[in-house]
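In what follows, a structure is listed as structure tokens, so that the remarks can point back to it.
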Amino acid sequence: MAAGPNRKTWRWRANPRHYRCHVLGDVTFVYNHLSGDTHMLNLVSIALLNLMAERTFTLDELAAAFPAHMDVSADECPPGVVWRLFDELDEVGLVERSGGA
Amino acid sequence: MNEPNEKDSVFLEKRRQLLKLGAAGVPMLLTMKASAAQPLHSALDCAITIPSGMCIMVGSDGAAWISTRYNYDGSKLTNGKVKQFKSASEYVLPAGSVPARYRPDGNCPTDPCSSSGGSSGDDDEGGHWGHHSQQESGFAALFDRLTLTRTAQADDTLYASDWGHSGGEGDDSDDGSSGCPTSGGDDDDNHDSYSSNHWGSSDDNHDDDEGGSSGSNDTSSCDYKIYCFDSSTQFQPGTFIDANGNWNLSGDLGLYTIVAAKYGEYYGTYNNFPGVSCMLSIMTYLNNQ
Amino acid sequence: MRRLEDYGRRAVRQALRRGTLVLHLGPFAMQLKADSRALLAFLLSMYGACHATLEAGVLADFSLHVRAPNMIRRFVRRQITPDPGFYFPTVPLPRPMAPLALEMGMNLAVALQCFRFAIYHAGVVADERGAIAISAFSGGGKSTLTAALMEEGFRLLSDEFAIMGLDEPGLYPYPRPVSLKNASVEIVRAFAGAEEMSTTLTGTPKGDIGYRRARPHELEMMHEPAMPKLLLFPQFSLDAEPRAEKVEPGDAVMRFIAGSPNYHALGEAAFGSLMAFADSVAAYDLHYGNTADSIALVKDLWREHGS
Amino acid sequence: MSRSFLQIAVGLAPLPTGERLVRFIGWGRRAHILGQLATVWEERADGKLAEILANARIWAGHDRRMLSYEMNRITRALMGTDIYPVLLKGGAYVAKALTAGEGRRVSDIDILVKEDELDRVEASLKDAGWVADEGTSGDYDQQYYRAWMHELPPLRHKSRRTVVDVHHRLTPRTARLKVDHEAMFAAARPTADSALKVFNPTDRFIHAAIHICADGAFETPERSLIELFYLFADLSEAEAEGLRARAAEVGALWPVDHALWAISWFFANKRARSLCREGMFAKAFAAPVRWAIRAKVAGGLRAKAAMLLLYPRSHLLRMPIGMLTVHLFRKAVRSLSGSQAN
């Protein structure tokens, strides 16, 4: 389920002012100021959130950049997986659109 | 954020494992919420015991009759049997009480249904109050009054009987009449009469079981469907609630849960419908979530 | 402040009828109204040492009107309100079960209307070293273990709720009677003594219910929070070999939140205190088959983590 | 209850003490307005009162967060479309940080869209996880809402369980009161940080008056009166001067007159009273309605009678009499929202 439509040209980012993290072992608890919800992120999803906090991405750029950020090969981290991960962050309002017509 | 060293091989291996799970569709993010599905709260973990021999007859309009005294043999329903069931029923719920999936589908293998459809049930019993073409039904005024009475009663409870001081709150002179006549005492009486005045008292039918004759030219009825519980059955309605607090009701126990909840909604606990207390504690809990 | 037992029975009865009886329990003032002999007897017996006021004009956090079969009217009102806001906790039960209605009502009031604290479903006991929270997550004997630890030098903070501060993880006392079901009633009666127990209510929707009274020193210390050190998830199963298994802190937090009626409503302050709590406790699953085993396990863990 | 409690509630009169304070707080609790009391009184309170008000403030904070997050999610769901709904009522108060929105308890969010956008809005929201609410997913309710009401059937989000009401008019098609919602839509302004708009202050007051005086919201009179009071207080002198003219222009003069009367009466508000004098209450029903409002606010048994007057009245305004009986009945019968879940 998506939180809304998406386009290849839209740029996305995570805004660290909108959440607060706390690491407990292998998981990171993230408090979302906008929704008031607490999320539990594993090592993969927190890595994506952290990457998106660095700069803005289109979906394609994100799929291209994430494997290297994770230190794995592109085969191990295909675009479909990245997009679904993105959808999970989008669904709970942890990422926001930042430009791109 | 103190992220662990990303070159750490154990750490990397964990990420790889998780990525594989992610590729298999496992969510990588969980949103924490208090889960109503866990029988965590004392209000949720009560159980209902359905008495043995209880049957629920559902009309095509969603009305329901509930009886523990009708011996249903599972054979095809006829208008005579329907009539007998109605007179044997201890509890009645009005049209619209039971969701569509529990209602008879109206597909009669042997026709007569399609022609007699709407008229077979609602012209004699007065049980079908919610018929769509209410103008003809003659009950329109009654609905009106009934609804308003319910509204006013409920409202009265809020304003009059919560915390005894209510009478004194009109302590200013701007309202004309002084102290509201709302003592706790007659409150109870009001409620009692309320409960017995409306919706008809089916107890009068007590001994009428034999009354309805199932005549020989009795036509079959597919405007009704009967569900029975042969032996006494215990279950926890709280288990029907999912993690989001939604009801996921299915099967005969789902129907029973709906009927018990409806009963509580209409009548409170006055008549001790089996399980109504349990339903009400659950509903109270959920409504406060 | 005077204790309930310091007032005469007649004064208590009148205040209860008028609805001016207020129990002061830990951080909460609970206004009670009822007209029930069973309830009056229960209150005097189980809450005798509790601080109470009888005069009108005392503010309370919660108002509980125990009117056995009739309380359900308010449920109907739900239909005409556009706001799911506030309802008096109401539990429809036959008159002789008024004590159960009172106890459930006092639980519901806190669970549903308290937002000054984060509430989690757990029993809590403490000594001078800190507090042990006993989660109800797996339904494995929280109350029995809580009552048992009371005999082992711990004071009762609460049988039903871990009441946690906002932005700080201190646990606050709400020392009400410990609620015991079915077989546990006799187990606790055996070690606590019959004079510490209520009469047993039979045939309630939850089976047989008995209560173990909170003790005077626990009521005296009801304003003293304790810092959590240990979080336990008891899992009773008959004849189980006793063992304690460490629980990952992330898993422990996840289970703990699932037992909270108000965490989602409190925002960042509850996140802050819960994370501080997670950093300060060690969490264990406890498997055991009898009360003696469970106490031995807890004593071992407390030697390691209570400091 | 009384005028004096309402005046204390908004800070026009000092907080009582002793038993009267206990009654006042009990009143506020039953009326679901402790949050509003907290915004006025928490800083000046101590002891148990401060704790009770803090509790209410934290609780209301949750509703406020929910509202702003729902705005965020609706904006997200409509991203890429050229649809910019108007936030109504509580949502607008929060978006504009108005006093009327502080401490207010809410359960759902209301938006207004243009009629020809309705299908696209519904489709977008459904794509983003909203579904027909369980309580109204039956054929009857769906049909009823679509045919007669001024909104889509309520949509509930699958995982968040929050409800959005999508309106395309401010009064039902069937209502005798014909409000020119298009004129009000045209005057709406964008908000700072979402794609949503809000009415201008005058129209915001007018809509609250319609909703409260003509649309059945008077079931919660204390909340409604406090809301009107704050919205009215937020109007500049010029806006207040132009209020009745604008109300006449959009066809909402009588609810606005009733609202002005209520503000002048319950809060002893001179500005509202001076506007009242401009001419009102010629209509025959005005006096009984005023009685009913007063009685409803006063509570007790008279409130019961008042409801008999107000409740069908608000419905009569919304739909033809033939529809009325069926709907009232259905409404009474309609379940516990959950029990008819799919």
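Every listed requirement among (1) touching a strand residue (DSSP E or B) at 6+ places or on another chain (Cβ under 9 Å); (2) at pLDDT 90 or above is met by residue D:133 save one, (2).
Only one entry in A:11, A:17 is closer than 30 Å to residue D:123 by Cβ and open to solvent by 30 Å² or more (accessible area, probe 1.4 Å), namely A:11. Within the stretch D:36-43, identify whether any single residue is part of a helix (DSSP H, G or I), charged (D, E, K, R) and away from chain C (no Cβ under 13 Å), and answer yes or no. Looking through the stretch D:36-43, at least one residue is part of a helix (DSSP H, G or I), charged (D, E, K, R) and away from chain C (no Cβ under 13 Å). Selection of the stretch C:180-195 for residues being part of a helix (DSSP H, G or I), open to solvent by 70 Å² or more (accessible area, probe 1.4 Å) and not hydrophobic (A, V, I, L, M, F, W, C) yields C:186, C:195. Across the stretch A:89-101, the number of residues qualifying as assigned to a loop (DSSP other than H, G, I, E, B) and either within 8 Å of chain B (Cβ to nearest Cβ) or not polar (S, T, N, Q) (or both) comes to 7.
Against the conditions (1) in contact with an Asp or Glu (Cβ under 6 Å, 6 or more places away or on another chain); (2) within 14 Å of chain B (Cβ to nearest Cβ); (3) among the small types (Gly, Ala, Ser); (4) within 25 Å of residue D:211 (Cβ to Cβ), residue D:4 satisfies every one except (4). Please work out if residue C:264 is part of a strand (DSSP E or B), buried (at least 19 other Cβ atoms within 10 Å of the Cβ) and either at pLDDT below 95 or assigned by TED's automatic domain parsing to the domain that holds residue C:41 (or both). Considered against the rule, which asks whether it is part of a strand (DSSP E or B), buried (at least 19 other Cβ atoms within 10 Å of the Cβ) and either at pLDDT below 95 or assigned by TED's automatic domain parsing to the domain that holds residue C:41 (or both), residue C:264 comes out as no.
Which ones in the stretch C:136-179 are more than 13 Å from the chain's Cα centre (by Cα), part of a loop (DSSP other than H, G, I, E, B) and closer than 25 Å to residue C:242 by Cβ? Those that are more than 13 Å from the chain's Cα centre (by Cα), part of a loop (DSSP other than H, G, I, E, B) and closer than 25 Å to residue C:242 by Cβ: C:137, C:138, C:139, C:140, C:141, C:151, C:152, C:153, C:154. Kindly provide the set of residues from the stretch C:267-280 that are without any contact (Cβ under 8 Å) to a residue 12 or more places away in the chain and either within 20 Å of the chain's Cα centre (by Cα) or outside any helix (DSSP H, G or I) (or both), ordered by number. Within the stretch C:267-280, just C:267 meets the criteria.
Looking at the stretch C:167-179, can you tell me whether even one residue there is on the phi < 0 side of the Ramachandran plot and within 14 Å of chain A (Cβ to nearest Cβ)? Within the stretch C:167-179, one or more residues are on the phi < 0 side of the Ramachandran plot and within 14 Å of chain A (Cβ to nearest Cβ). The criterion of at least 3 residues that are more than 22 Å from residue D:111 (Cβ to Cβ) and open to solvent by 30 Å² or more (accessible area, probe 1.4 Å) is met by the following helices (runs of 4 or more DSSP H) wholly inside the stretch D:185-256: D:237-250. Would you mind stating whether residue C:170 is open to solvent by less than 10 Å² (accessible area, probe 1.4 Å), among the small types (Gly, Ala, Ser) and modelled with pLDDT under 95? Considered against the rule, which asks whether it is open to solvent by less than 10 Å² (accessible area, probe 1.4 Å), among the small types (Gly, Ala, Ser) and modelled with pLDDT under 95, residue C:170 comes out as no. Look at (1) more than 30 Å from residue C:266 (Cβ to Cβ); (2) more than 14 Å from chain B (Cβ to nearest Cβ); (3) part of a loop (DSSP other than H, G, I, E, B) and you find that residue D:104 fails only one, number (1). Scanning the stretch C:281-295 for residues that are within 14 Å of chain A (Cβ to nearest Cβ), open to solvent by less than 20 Å² (accessible area, probe 1.4 Å) and either assigned to a helix (DSSP H, G or I) or modelled with pLDDT of 95 or more (or both) turns up at least one hit.
Please tell me if residue A:91 is out of contact with any helix residue (DSSP H, G or I) (no Cβ under 9 Å at 6 or more places or on another chain), over 21 Å from residue A:28 (Cα atoms) and among the charged types (D, E, K, R). In short, no. Of all residues in the stretch D:20-32, none satisfies being basic (Lys, Arg) and not in a helix (DSSP H, G or I). Looking only at residues in the stretch D:8-29 that are at the interface with chain B (Cβ under 10 Å from one of its Cβ atoms) and open to solvent by 30 Å² or more (accessible area, probe 1.4 Å), the one that is farthest from the chain's Cα centre (by Cα) is D:19. Look at the stretch D:246-271: where a residue is at negative phi and a partner is outside any helix (DSSP H, G or I) and among the β-branched types (Val, Ile, Thr), sitting 6+ places away or on another chain with Cβ atoms under 8 Å, you get D:250/D:179; D:252/D:179; D:267/D:10.
The values are calculated or read from the model by the stated rules, or taken from the named source; none is laboratory data. Computed from a predicted model, the values in this text were never measured in an experiment. Neighbour counts run over all protein chains shown; Cβ positions are idealised from the backbone, glycine included. Quick note on the areas: whole protein, heavy atoms, side chains included, nothing else; ligands and nucleic acids left out. Shrake-Rupley method; radii C 1.70, N 1.55, O 1.52, S 1.80 Å.
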